[in-house]
Amino acid sequence: MRIPGPPPLDGLRNRIFRYRQEHPAGGKSEFVRETFCLSRPEAREKAREWFDEFPKAAYWTEVESWRQVDGDRIEFTMRRLPSAD
């Protein structure tokens, strides 16, 4: 008995190609992003505000990136969907 291989991906490849032709990204994103540079306690509070106002389950809210800068300051980017629909 022969084990079948993976299905052909030509149909999927064509659909992705057509979608990209009809909807060029142009560097746009569906996400709303905002970058902050705050002290560590203020950064925690700001992130909590975002998660309270835009729940993760509905808006896909997340801390997209963060880094510690001079002193005890945190630079971070919050990301969410524009609406919960």
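Whats the longest run of the chain with zero chymotrypsin sites (Phe, Trp or Tyr not before Pro) that are DSSP loop and have at most 16 other Cβ atoms within 10 Å?
Result, exposed sites excluded: 1-30.
Simple spin-label model, 7 Å along Cα-to-Cβ: residue 36 to residue 3 in nm?
5.0
Relative to the first principal axis of the alpha-carbon coordinates of the chain, what is the inclination of helix 10-22, with its axis defined by its Cα atoms, in degrees from 0 to 90 and to the nearest 10?
Between helix and principal axis, roughly 50 degrees.
So for the chain, averaging the separation of alpha carbon pairs under 8 Å that are six or more residues apart and normalising by length, what relative contact order in percent results?
Numbers: 90 pairs, mean separation 26.7, N = 85.
Across the chain, relative contact order equals 31 percent.
Which longest uninterrupted range of the chain lacks any trypsin sites (Lys or Arg not before Pro) assigned by DSSP to a loop state (not H, G, I, E or B) and surrounded by at most 14 other Cβ atoms within 10 Å?
Values: sites that count: 2, 28.
No qualifying site falls inside 29-85, the longest such stretch.
Shape call for the stretch 32-84 from the C-alpha gyration tensor, a ≥ b ≥ c root eigenvalues: rounded (a/c under 1.5), prolate (a/b greater than b/c) or oblate?
prolate
Which value in nm describes the separation of the simple spin-label points at residue 15 and residue 69, placed 7 Å from the Cα toward the beta carbon?
So the two model labels end up 4.3 nm from each other.
Are there GluC sites (Glu not before Pro) in the stretch 23-85 that DSSP marks as loop and that have at most 15 other Cβ atoms within 10 Å, and which are they?
Filter output for the stretch 23-85: 30.
Please give the per residue accessible area of the stretch 32-84, computed with a probe of 1.4 Å over protein heavy atoms only, in Å².
I get 68 Å² per residue for this part.
Mind pulling the angle between the C-alpha long axis of helix 40-53 and the longest principal axis of the chain? Nearest 10 degrees, somewhere in 0 to 90.
50
The values are calculated or read from the model by the stated rules, or taken from the named source; none is laboratory data. Please read these numbers as outputs of a predicted model, since none were measured by experiment. Every residue, glycine as well, gets a Cβ built from its backbone with ideal geometry; the counts of neighbours run over all protein chains shown. When the accessible area is computed, the model is the full protein with side chains, heavy atoms only, and any ligands, DNA or RNA have been set aside. Shrake-Rupley method; radii C 1.70, N 1.55, O 1.52, S 1.80 Å.
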